[in-house]
Structure formats: structure tokens, C-alpha cells
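Here is the structure we will look at.
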Amino acid sequence: MSKIIALAGKGGVGKTTVSALALRYLAKTGASPVLAVDADPNSNLGETLGMDVTKTVGDVREDFMRDPQGVPSGMDKIVYIEMLMNQIIIETQAFDLLVMGRQEGQGCYCMVNNILNRFTEQLSKNYKYLLVDNEAGMEHLSRRTSGKVDMLLLVTDYALRGLRAVARIKEMLGGLKLAVTNIGLVVNRAPEELGSVFLAEAEKIDIPIVCKIPEDKALLEFDMERKSLIDLPDDSPAVVAVDAMMKDMLAK
């Protein structure tokens, strides 16, 4: 069974950037095979990795629901959907990417979702690491994994709103029935010294701060030029911070 690294946080705090940098660490340290799962409906992870995503799990689900009888003659529905799922996995030498995409539309998706749940859980067994960039609610983790998370990184920017979103996510964990081995707070776009008000609010949440990522001009430059964050230089401040966190947390 693969080790599961999950990231969550409210929109706009840089969670997907942190996901890409964590994936960069795994890729650069040869921790393959790795499957990255973009489970955020905004589906930006592929973009930060410089990848062209043309089809998502949501597209497969909607295509099937539009024409459930369109399965080729003699082929089982389960086999057909799993075949379509395999076709949308984007493969690279360092990692593979699966994008969840759009949420469910109207109607009953129970049958096709059961197939997707089984497929993604079985798929994860083929990888050493599964890195999941989640939506804030983290429903994907509870539905499409075994419920075990080895490393949960809750991401905030240097703002109290981000911290309060992290607090709400933490409160959800019990209801989602997730067994989390290690949990850490990542502060993105952090100043050199965190202010007392921020630290006091963070202390209430009772999650250790495992990484402070400073402002990094290279991130904006790479975004504007549509370059993959995998290609960031090793001395990039954001890379240095995330590399140190990953090395420490994976050693536990």
C-alpha cells in the first residue's frame, strides 16, 4: 500500500503550489513511483506542473452518465469505465497525474462512483507515494482511499482567515473517519518572523507548524511563463523550505 500525503486548505492560500513543490521533492529524490491526484475541482495542479490536462475523472463520469448504454458490445461496464480511467492518467518519468475534475451533476451517480472509488483505491497500490491535492472539505480522501493518511499538510497563508479555515478542516477529520499519522501546518508566503497574533491563533488549533515558506519571486515568474515548478532551481527559497519539511516528515 502506498504512503498517502494529502494537502488541504482554503482557496487562494497556495495549496496547489505547495503540492507541486512536495511532488518536486519526491521526483528529485527518486521516490518513484508516485501518483499525484488533483482532487480540487479547480484542477490547477497540472498547470503548475506544466502539463496539458485534456480529460478528467469528472469527464469520464459525465460521459458515461450521458450514455450509460454506450458500452461496446460484449464489454462489462466496470471494465469499460476502468479502461477509460486508465486512458486519462498522464504519465511522466518522475510521476503520474490523475485529475478528478468536475463534481457530480444532477442524478444518481452511485454505481459509477462505486466503480471510480474501487479503481482509484486499487490504482494507489501500484505506487510508492500517493500525493493528493484536496478541496477544503477533503471528501475525496474519505471516499477514494482506505481512510489512512500518512502525512496531512494543512496550508494557510499569513492571514487569520486561512488559519480559521485550517481549524474548520481539522474539526471535519473525525467525521470523515480518517486515520492521520502525522499532521502539520504549512504557512505560505510567511514573513521571516511570525507575529504574536498569528502565533496565538495557530496555537489554538494545536497543529505544529512544520514549514514556513517565504515569498519567492521565482514562483510568480514560473507562473507567468507557464513553466513547471518541477524545474525550479534547488536554491529557490520556496524549494528549500518545502524540501526541508518533506525530508523531516518522511523520516518519521
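The values are calculated or read from the model by the stated rules, or taken from the named source; none is laboratory data. Worth saying up front: this structure is predicted, and the values here are computed from it rather than measured. With ideal geometry, Cβ positions are generated from the backbone for all residues, glycine too; neighbour counts draw on all protein chains shown.
Is it the case, given these coordinates, that residue 66 is modelled with pLDDT under 85, of a type in the set (D, E, K, R) and more than 17 Å from residue 2 (Cα to Cα)? So that I can check it myself, show each step before the final result.
Working: modelled with pLDDT under 85: no; of a type in the set (D, E, K, R): yes; more than 17 Å from residue 2 (Cα to Cα): yes.
No: the conditions fail for residue 66.
Here residue 170 passes the criteria (1) in contact with a helix residue (DSSP H, G or I) (Cβ under 7 Å, 6 or more places away or on another chain); (2) buried (at least 19 other Cβ atoms within 10 Å of the Cβ); (3) part of a helix (DSSP H, G or I) except the one numbered (2). Among the residues making up the stretch 51-80, a single one is touching a residue at least 24 places away in the same chain (Cβ under 8 Å) and touching a Lys or Arg at 6+ places or on another chain (Cβ under 6 Å): 58. The conditions of being farther than 20 Å from residue 166 by Cα and in a strand (DSSP E or B) are met by residue 36. Restricting attention to the stretch 145-180, the residues that are under 30 Å from residue 79 (Cβ atoms), touching a strand residue (DSSP E or B) at 6+ places or on another chain (Cβ under 8 Å) and modelled with pLDDT under 80 total 2. Picking from residues in the stretch 82-112 that are among the hydrophobic types (A, V, I, L, M, F, W, C) and touching a Lys or Arg at 6+ places or on another chain (Cβ under 7 Å), the one that is modelled with the lowest pLDDT is 112. Residue 220 fulfils the conditions (1) assigned to a helix (DSSP H, G or I); (2) at pLDDT 95 or above except for a single criterion, (2).
Give me the residue from the stretch 122-144 that is modelled with pLDDT under 80 and charged (D, E, K, R) and, out of that set, surrounded by the most Cβ atoms within 10 Å (Cβ to Cβ). Looking at residues that are modelled with pLDDT under 80 and charged (D, E, K, R), I get 144.
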